[in-house]
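Undergrad: Just dropping this structure here.
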Amino acid sequence: MNKIIVISNIKWIHQNHPGQIVVPLNVDSTQGMAMQVYQVYQAINSLVSNNASFDGGYHLIGHAQGALVLRSVVEMFGLEVDNFISLAGVHMGVYGFDSFINRWFKDLTNWEITEMLYTKNMQTHFSVAGWWNDAKNQPKYFRDNTWLPAINQQLDEHIPTYKENFLNIGAFHAFGSQDDGTVIPWQSSIFGFYDEHLNVVPMTDQLIYINDTFGLQTLATNSRLSLIEIDDVKHYEWFTRQDIFVNYILDLLS
């Protein structure tokens, strides 16, 4: 496999795999999730439709929100993906922010952030609103978050093609670190999340896995799902540390 589409600042690919086609995708990461996902889909579709080099599939690499954007594209539109590599993805959302992201929210409480982000305007126009998951008010999350509950198939009405499309990928590799510092809880990167008491529930005890809502259990059963935990990796270091790339990611790009 010699084609890679990247939403992140991954370096060193050409250095280690000369001749490998690498295409970075860049979008305004603050705009609403629906707009981002559609723009990324258009970019990928235009690229692979007009380039025979991508016949037979390609790899995807996404970091943080970019990983969720790419997974959303895969579920909604279907892509010919071999390895999907997710680095610190916000797959189960976040409930709490680090000091960097909190610049938008100042000293607001989580309750106040929920009230602000779960409005129609914010859900439409601000990306973070689409993956803010209020662990203490799940009914409101299901009712007012217009993005993540649908992508994770947590609503009563499922969209069968989302699961079908997701299961068409070759394998899904999710990386996370307890030292991430930005994704809260960090286990969201490997499909874990808080319960209403803020205890972390691992992926295998989440309803999305138990009910196989979009295919995680099926991938795991068929040895096509990898959850990789690496200590001492800060959120931004997934694409700035060469040792992480060489030791964990490079072999997935062959």
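The values are calculated or read from the model by the stated rules, or taken from the named source; none is laboratory data. The structure presented is a predicted model; accordingly, all values stated were derived computationally and were not measured. All Cβ positions, even for glycine, are placed from backbone atoms using ideal geometry, and neighbour counts span all protein chains on display.
Undergrad: Of these, Q20, Q15, which one is of a type outside the set (V, I, T) and touching a residue at least 24 places away in the same chain (Cβ under 8 Å)? Outline the logic, then answer.
TA: Numbers: Q15 fails: touching a residue at least 24 places away in the same chain (Cβ under 8 Å).
Of Q20, Q15, the one residue that is of a type outside the set (V, I, T) and touching a residue at least 24 places away in the same chain (Cβ under 8 Å) is Q20.
Undergrad: Spot the failing condition for D82; the list is (1) touching a residue at least 60 places away in the same chain (Cβ under 8 Å); (2) in a loop (DSSP other than H, G, I, E, B); (3) more than 15 Å from the chain's Cα centre (by Cα), and only one is missed.
TA: It fails just one condition, (2).
Undergrad: Continuing with this model, one more query. Give me a count of the residues in the stretch 121-133 that are farther than 18 Å from F191 by Cβ and either of a type outside the set (V, I, T) or without any contact (Cβ under 8 Å) to a residue 24 or more places away in the chain (or both).
TA: Filtering the stretch 121-133 for residues farther than 18 Å from F191 by Cβ gives 121-129.
If we keep only those that are either of a type outside the set (V, I, T) or without any contact (Cβ under 8 Å) to a residue 24 or more places away in the chain (or both) too, we end up with 121-123, 125-127, 129.
Qualifying residue count for the region: 7.
The rows are residues; the columns are (1) within 20 Å of L167 (Cβ to Cβ); (2) in a helix (DSSP H, G or I).
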{"site": "Q15", "(1), (2)": "no, yes"}
{"site": "V23", "(1), (2)": "no, no"}
{"site": "N26", "(1), (2)": "no, no"}
{"site": "T30", "(1), (2)": "no, no"}
{"site": "I44", "(1), (2)": "yes, yes"}
{"site": "G56", "(1), (2)": "yes, no"}
{"site": "G62", "(1), (2)": "yes, no"}
{"site": "R71", "(1), (2)": "yes, yes"}
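Undergrad: Still on this structure, please answer the following. One residue is enough: does the stretch 90-111 have a residue meeting the conditions within 21 Å of L207 (Cβ to Cβ), at pLDDT 95 or above and assigned to a helix (DSSP H, G or I)?
TA: Within the stretch 90-111 (the criterion being within 21 Å of L207 (Cβ to Cβ), at pLDDT 95 or above and assigned to a helix (DSSP H, G or I)), the answer is no, since none of the residues qualifies.
Undergrad: Additional query: For K136, state whether it is exposed (fewer than 15 other Cβ atoms within 10 Å of the Cβ) and of a type in the set (K, R).
TA: no
Undergrad: Look at the stretch 1-49 and say how many of its residues are among the small types (G, A, S), over 16 Å from V81 (Cβ atoms) and at pLDDT below 95.
TA: The number of residues fulfilling the criteria is 3.
Undergrad: V200 passes all but one of (1) under 19 Å from H59 (Cα atoms); (2) of a type in the set (A, V, I, L, M, F, W, C); (3) surrounded by fewer than 18 Cβ atoms within 10 Å (Cβ to Cβ); which number fails?
TA: (1)
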